[in-house]
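A.B. asks: Encoded as structure tokens, here's the structure I'll be asking about.
The values are calculated or read from the model by the stated rules, or taken from the named source; none is laboratory data. What you see is a predicted model; the values in this text were computed from it and never measured. Don't worry about glycine lacking a Cβ; one is built from the backbone with ideal geometry, like all the others, and counts go over all protein chains shown. Just so you know, the surface numbers come from the protein's heavy atoms only, side chains and all, with ligands and any DNA or RNA stripped out. Shrake-Rupley method; radii C 1.70, N 1.55, O 1.52, S 1.80 Å.
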Amino acid sequence: MKKIVFTGGGSAGHVTPNLALIPKLQQRSWDVHYIGSKDGIEKGIVEGASIPYTGISSGKLRRYFDLKNFKDPFKVMMGVMEAYALIRKHKPDVVFSKGGFVSVPVVIGAWLNKVPVFLHESDITPGLANKIALRFATKIFVTFEEAKAHLPKEKVIYTGSPIREDLLKGHRETGLELLGFTMRKPIIIVMGGSLGAKRINEAVRAALPDLLQHYQVVHLCGKGNKDESLEGTEGYRQFEYISSELPDVLAAADLVISRAGSNSIFEFLTLKKPMILIPLSKAASRGDQILNAQAFEKMGYCHVLYEENLEKDTLLEAVQHVQKNRLRYKENMLRYSAENCLEEIMGYLEKARKK
Ligand SMILES: CC(=O)N[C@H]1[C@@H](OP(=O)(O)OP(=O)(O)OC[C@H]2O[C@@H](n3ccc(=O)[nH]c3=O)[C@H](O)[C@@H]2O)O[C@H](CO)[C@@H](O)[C@@H]1O
């Protein structure tokens with residue numbers, strides 16, 4: 001039986017692509033184990049999917065000054081030792097890492113055990129964790145063809161975004177029932193990224209009375225971001241985060257308002273959902289979502305609304321524009337297909353051997 005260890009965490013975007021691969025490998029009798037942090041978002045998601053999980057110590061790798069920068073290197077060192085021991089015990093044939101700061105100790109622990117490591121990068125420019133992990137890795141798969149320009153030629157392989165197969169199997173009727181919505185008005189799904197997005201939540205809630213005249217709204221607002229005063233509003237449902245219900249809710253949705261996190265937008269693209277993307281600003285990130293959104297805009301897949309222009313009225317205008325042009329967006333999205341992504345990645349994993 002072949003064995004694999006998965007890692008990746010910190011936000012769901014560093015976990016859900018693993019969930020696309022894991023069931024496919026289990027169907028082929030692979031033994032799967034997940035190593036993540038002791039209390040990150042990955043723990044709940046992975047354990048919720050009944051995948052064996054072990055938490056290790058992890059520290060955040062920051063590019064900016066913070067007093068924690070003095071404590072965290074010790075946590076990372078501790079994480080390396082724990083990961084080394086776990087990998088030595090499990091003896092996997094291969095490690096697959098989706099990035100996020102918890103993945104670095106696992107990748108180093110694998111390298112020390114001479115276990116081949118494969119990485120996946122979802123954005124056009126690599127994140128800090130993957131940049132560090134790259135020197136210990138055999139190959140790095142990428143979601144965007146444009147990402148190849150930012151990575152060493154001999155290591156990079158363009159595969160596209162691994163999408164969970166369950167997402168393609170949702171039912172509109174079940175989604176409507178779950179939400180308590182009807183067929184009378186189109187449905188907007190608002191997704192602020194896996195951790196929510198305060199600015200988007202505020203703008204959507206300010207626009208809500210206008211939106212609800214023509215639409216029903218399902219709002220995935222992130223942990224701790226529900227507005228209790230809006231509970232029970234007709235045509236509006238809010239959730240902090242949904243897992244097994246997501247396929248049906250997406251099947252019911254007609255339009256999307258979202259951050260431009262790579263995994264979410266490729267899911268919307270695969271499902272042909274016209275989208276308004278509000279990328280996380282450069283002030284709050286390395287600007288990866290701006291590049292993601294611009295790449296999608298260039299292909300005619302989305303309308304981009306920049307955070308500095310985000311207010312109630314611009315949001316309402318954007319919704320009106322995308323609804324009016326929805327058929328054109330859908331037509332453009334029909335040109336996209338990445339059916340081979342999972343098979344291609346699995347082909348590399350099956351050939352991997354411990355040195
Ligand atoms: C703030 C931040 O650093 N964001 C980054 C993070 O985003 P983030 O973690 O938000 O990642 P993505 O948008 O890429 O993916 C979110 C994933 O969570 C799932 N989901 C979300 C909400 C929910 O209720 N249920 C659910 O299952 C989505 O379907 C998707 O699969 O990683 C992405 C991929 O590296 C980057 O592009 C983003 O810039």
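A.B. asks: Using a Gaussian network for the chain with springs between C-alpha atoms less than 10 Å apart, which of these wobbles most: ARG237, ARG28, ARG135?
C.D. replies: ARG28
A.B. asks: Translational diffusion coefficient of the chain at 37 °C, 0.692 mPa s, Stokes-Einstein with Kirkwood Rh over Cα pairs, in µm²/s as a whole number. Can you show the working numbers first?
C.D. replies: Numbers: Rh = 21.0 Å.
Estimated via Stokes-Einstein, D reaches 157 µm²/s.
A.B. asks: Right, here's the next one. Leaving ligands and nucleic acids out of the surface, order HIS321, HIS171 by accessible area at 1.4 Å, largest first.
C.D. replies: Values: HIS321 70, HIS171 105 Å².
Output order, biggest surface exposure first: HIS171, HIS321.
A.B. asks: How large are Rg and Dmax for the range 202-252 when calculated on the C-alpha trace, in angstrom?
C.D. replies: Here Rg and the maximum Cα pair distance are 11.2, 30 Å.
A.B. asks: Turning to a different aspect of this structure: Treating cross-link reach as a plain straight distance, find the aspartates and glutamates whose alpha-carbon is under 13 Å from the alpha-carbon of LYS272, omitting any fewer than eight places away in the same chain.
C.D. replies: By straight Cα distance, LYS272 reaches ASP254, GLU331.
A.B. asks: How large is the accessible surface per residue of the range 166-333, computed with a 1.4 Å probe and reported in Å² as a whole number? Could you put the intermediate results ahead of the total?
C.D. replies: Numbers: 7720 Å² over 168 residues.
Here the residues of the range 166-333 average 46 Å² of exposed surface.
A.B. asks: Follow-up. Calculated from DSSP H runs of 4 or more alone, at -39500 (n - 2.57) each and per residue, what is the 222 nm mean residue ellipticity of the chain, nearest 500?
C.D. replies: Working: 13 runs with 139 residues, N = 355.
Helix-only estimate at 222 nm: -11500 deg cm²/dmol.
A.B. asks: Along the three principal axes, how long is the range 221-293 when you take its alpha carbons, biggest first, rounded to the nearest angstrom?
C.D. replies: Per principal axis, max minus min of the Cα coordinates gives 37, 28, 20 Å.
A.B. asks: Still on this structure, I have one more. Ignoring any ligand, DNA or RNA, what whole percent of the accessible area of the range 166-333 comes from carbon and sulfur when the probe is 1.4 angstrom?
C.D. replies: Numbers: 3780 of 7720 Å².
After summing per-atom areas, the C and S share lands at 49 percent.
A.B. asks: Between THR138 and LYS282, how high is the FRET efficiency from 1/(1 + (r/R0)^6) when r is the Cβ-Cβ distance and R₀ = 35 Å? Nearest 0.05. Walk me through the numbers before you get to the answer.
C.D. replies: Numbers: r = 33 Å, r/R0 = 0.93.
Efficiency at R0 = 35 Å is approximately 0.60.
A.B. asks: On to the next question. Quick one: Karplus J couplings for the range 106-117, per residue in order, coefficients 6.51, -1.76, 1.60, θ = phi - 60°, nearest Hz, x for Gly and Pro?
C.D. replies: Values per residue, Gly and Pro as x: 5, 5, 5, x, 5, 4, 5, 8, 6, 8, x, 10 Hz.
A.B. asks: In addition: Can you tell me how the range 66-220 classifies by the Cα gyration tensor, rounded, prolate or oblate, using a/c under 1.5 as the rounded cut? Don't skip to the end; give the middle numbers.
C.D. replies: Numbers: a/c = 2.36, a/b = 2.02, b/c = 1.17.
Verdict is prolate for the range 66-220.
A.B. asks: So between GLU234 and LYS89, what do we pick up on full extension, going 0.36 nm a residue minus the alpha carbon distance?
C.D. replies: Numbers: separation 145, 0.36 × 145 = 52.20 nm, distance 5.39 nm.
Taking 0.36 nm per residue and subtracting the Cα distance, the gain is 46.8 nm.
A.B. asks: Rounded to the nearest 0.05, what FRET efficiency do GLU331 and HIS150 have when you use their Cβ-Cβ distance and R0 = 22 Å? Working shown, then result.
C.D. replies: Details: r = 31 Å, r/R0 = 1.39.
Plugging the Cβ-Cβ distance into 1/(1 + (r/R0)^6) gives 0.10.
A.B. asks: Would you kindly state how much longer the chain becomes between MET346 and LEU112 on full extension, computed as 0.36 nm times their sequence separation minus their alpha carbon distance, in nm to one decimal? Could you put the intermediate results ahead of the total?
C.D. replies: Working: separation 234, 0.36 × 234 = 84.24 nm, distance 2.33 nm.
This chain segment gains 81.9 nm when fully extended.
A.B. asks: Can I ask one more? Give me the mean projected area, in nm² to one decimal, of the convex hull enclosing the Cα positions of the range 201-355.
C.D. replies: Numbers: hull surface 47.8 nm².
Orientation-averaged projected area of the Cα hull: 12.0 nm².
A.B. asks: Okay, next question. Probe radius 1.4 Å, ligands and nucleic acids left out: which of ILE187, ILE290 has the largest accessible area, and how do the rest follow? Don't skip to the answer; put the middle values down first.
C.D. replies: Details: ILE187 0, ILE290 35 Å².
Most to least solvent-accessible, the answer reads ILE290, ILE187.
A.B. asks: Follow-up. Of the chain, which part is the longest with no GluC sites (Glu not before Pro) in a loop (DSSP not H, G, I, E, B) and with at most 10 other C-beta atoms within 10 angstrom?
C.D. replies: Details: sites that count: GLU154, GLU231, GLU234, GLU339.
Free of exposed loop sites, the longest segment is 1-153.
A.B. asks: Of LYS24/LYS139; LYS75/LYS98; LYS60/LYS312; LYS43/LYS330; LYS43/LYS139, which pairs sit farther than 30 Å apart, going by alpha carbon to alpha carbon?
C.D. replies: Beyond 30 Å: LYS60/LYS312; LYS43/LYS330.
A.B. asks: Could I ask something else about it? Specify the angular offset, from 0 to 90 degrees and rounded to the nearest 10, of the alpha carbon long axis of helix 198-214 from the longest principal axis of the alpha carbons in the chain.
C.D. replies: The answer is roughly 30 degrees.
A.B. asks: Can you compute the FRET efficiency between ASP166 and THR54 using 1/(1 + (r/R0)^6), with r the Cβ-Cβ distance and R0 = 25 Å? Round to the nearest 0.05. Walk me through the numbers before you get to the answer.
C.D. replies: Working: r = 25 Å, r/R0 = 0.98.
Efficiency at R0 = 25 Å is approximately 0.55.
A.B. asks: Then there is this: If you plug each phi of the range 138-153 into the Karplus form 6.51 cos²θ - 1.76 cosθ + 1.60 with θ = phi - 60°, what whole-Hz ³J(HN,Hα) values come out, in order, with x for Gly and Pro?
C.D. replies: 7, 9, 10, 7, 10, 7, 9, 4, 4, 5, 4, 5, 9, 9, x, 3
A.B. asks: In terms of modelled amide H atoms, which long-range or inter-chain residues lie less than 5 Å from the amide H of ALA260?
C.D. replies: So ALA260 has HN proximity to ILE278, LEU280.
A.B. asks: Compare MET77, MET1, MET299 by solvent-accessible area with a 1.4 Å probe and give them largest first, with all protein chains kept in place.
C.D. replies: Numbers: MET77 115, MET1 175, MET299 90 Å².
Largest accessible area first, the residues go MET1, MET77, MET299.
A.B. asks: Okay, moving on. Amide H to amide H, which residues 5 or more places from TYR34 or on other chains are under 5 Å from it, using H placed in the peptide plane?
C.D. replies: PHE6, TYR53, THR54
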